[in-house]
Amino acid sequence: MELYLIRHGIAESGGSDITDEERSLTKEGRQKTEKIAQRLKTLGLHFDLIATSPLVRARQTAEILIATGLSSQMEECIYLGFDGDIHSWVADWLEPRNYSPQTQLALVGHEPCLSEWASILLWGDAKQGLVLKKAGMIGIKLPEKGSYLGRSQMFWLTPPKYLL
């Protein structure tokens, strides 16, 4: 299975009148995310499902990916919020679904969680070093059998500037 970890686009700054959960994409964030989504489509990407964090900016990013035609299915996933735990996500969300090895799954979320998840999938623990820029993407191939943790392979790490 191919797993694409996608960070949300540029969002408005937090303040006293808005909670972090309610922060939306800025106009620039929408425009850049739309351009990146179009580029991903021209590269031939298509996701069987886009799972998104429940936070507004991630959901808006996922909606842009859907509107661009990168997928026809979107689902909110609580594990992709700030305190999401990859072990719980694998055990409670991913494994019970029994996806085929050809599945292409996109996860739209936040930093530092997505970089930590990528590190755990690749090396078995959260190492520092991977940085996922806003609207950037990491592609990881999950093994067909056995644990995904520490046994997956990265095939894509793209900062957004290379897709614009």
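The values are calculated or read from the model by the stated rules, or taken from the named source; none is laboratory data. From a predicted model like this one, the values you see are computed outputs, not experimental measurements. In this analysis, Cβ positions are derived from the backbone assuming ideal geometry, glycine residues included, and neighbour counts consider all displayed protein chains. The area values use the complete protein model at the heavy-atom level, side chains included, leaving out ligands, DNA and RNA. Shrake-Rupley method; radii C 1.70, N 1.55, O 1.52, S 1.80 Å.
Using alpha carbons only, how many degrees (0 to 90, rounded to 10) separate the axis of helix 113-123 from the longest principal axis of the chain?
For helix 113-123, the angle is close to 20 degrees.
What lysines does residue 133 reach when the alpha-carbon gap must be under 29 Å and sequence neighbours fewer than 8 apart in one chain are set aside?
Counting by Cα, and skipping residues close in sequence, residue 133 has these lysines nearby: 27, 32, 35, 41, 141, 161.
Roll a 1.4 Å probe over the protein chains and send me the accessible area per residue for the chain in Å².
Averaged over the residues of the chain, the accessible area is 50 Å².
Over every pair of different alpha-carbon atoms in segment 66-123, take the mean of 1/r and invert it; report that Kirkwood radius in Å.
12.7 Å
For segment 41-83, with all protein chains present and a 1.4 Å probe, just round the carbon and sulfur fraction of the accessible area to a whole percent.
Values: 960 of 1870 Å².
Ligands and nucleic acids excluded, carbon and sulfur give 51 percent.
Rounded to whole Å and sorted largest first, what semi-axes of the equivalent ellipsoid does the C-alpha gyration tensor of segment 1-50 yield via the square root of 5 times each eigenvalue?
Values: eigenvalues 144, 39, 8 Å².
Ellipsoid half-lengths, sorted descending, are 27, 14, 6 Å.
Give the Debye-formula value of log10 I(q)/I(0) at each listed q (0.13, 0.14, 0.19 Å⁻¹), with one equal scatterer per alpha carbon of segment 58-163, two decimals each.
Listed by q, the Debye log ratios stand at -0.48, -0.56, -1.11.
Between residue 128 and residue 38, what length comes free when the chain is fully extended (0.36 nm per residue of separation minus the Cα-Cα distance, one decimal in nm)? Don't skip to the end; give the middle numbers.
Values: separation 90, 0.36 × 90 = 32.40 nm, distance 3.04 nm.
Once the chain is fully extended between residue 128 and residue 38, it gains 29.4 nm.
Under a plain spin-label model, where a point goes 7 Å from the Cα along Cα-to-Cβ, how far apart in nm are residue 141 and residue 73?
Spacing of the two 7 Å Cα→Cβ label points: 2.3 nm.
Restricting the calculation to Cα positions, tell me the Rg (one decimal) and the Dmax (whole number) of segment 1-133 in Å.
Here Rg and the maximum Cα pair distance are 14.6, 46 Å.
Leaving out ligands, DNA and RNA but keeping every protein chain, what accessible area does residue 39 have, in Å² rounded to the nearest 10, with a 1.4 Å probe?
100 Å²
Can you give me the angle between helix 27-42 and the longest principal axis of the chain, using Cα atoms only, in degrees from 0 to 90, rounded to the nearest 10?
40 degrees
Can you tell me the order of 98-104, 121-127 when each peptide is scored by its average per-residue count of other Cβ atoms within 10 angstrom, highest first?
Details: 98-104: 11.6, 121-127: 15.7.
Sorting 98-104, 121-127 by mean packing, highest first, produces 121-127, 98-104.
Between residue 12 and residue 157, what's the calculated FRET efficiency when r is the beta-carbon distance and R0 is 22 Å? Round to 0.05.
Between residue 12 and residue 157 the formula returns 0.25.
On a full-extension model of 0.36 nm per residue, what is the gain between residue 20 and residue 85, subtracting their alpha-carbon distance, rounded to one decimal in nm? It would help to have the intermediate numbers written out before the result.
Numbers: separation 65, 0.36 × 65 = 23.40 nm, distance 1.92 nm.
Once the chain is fully extended between residue 20 and residue 85, it gains 21.5 nm.
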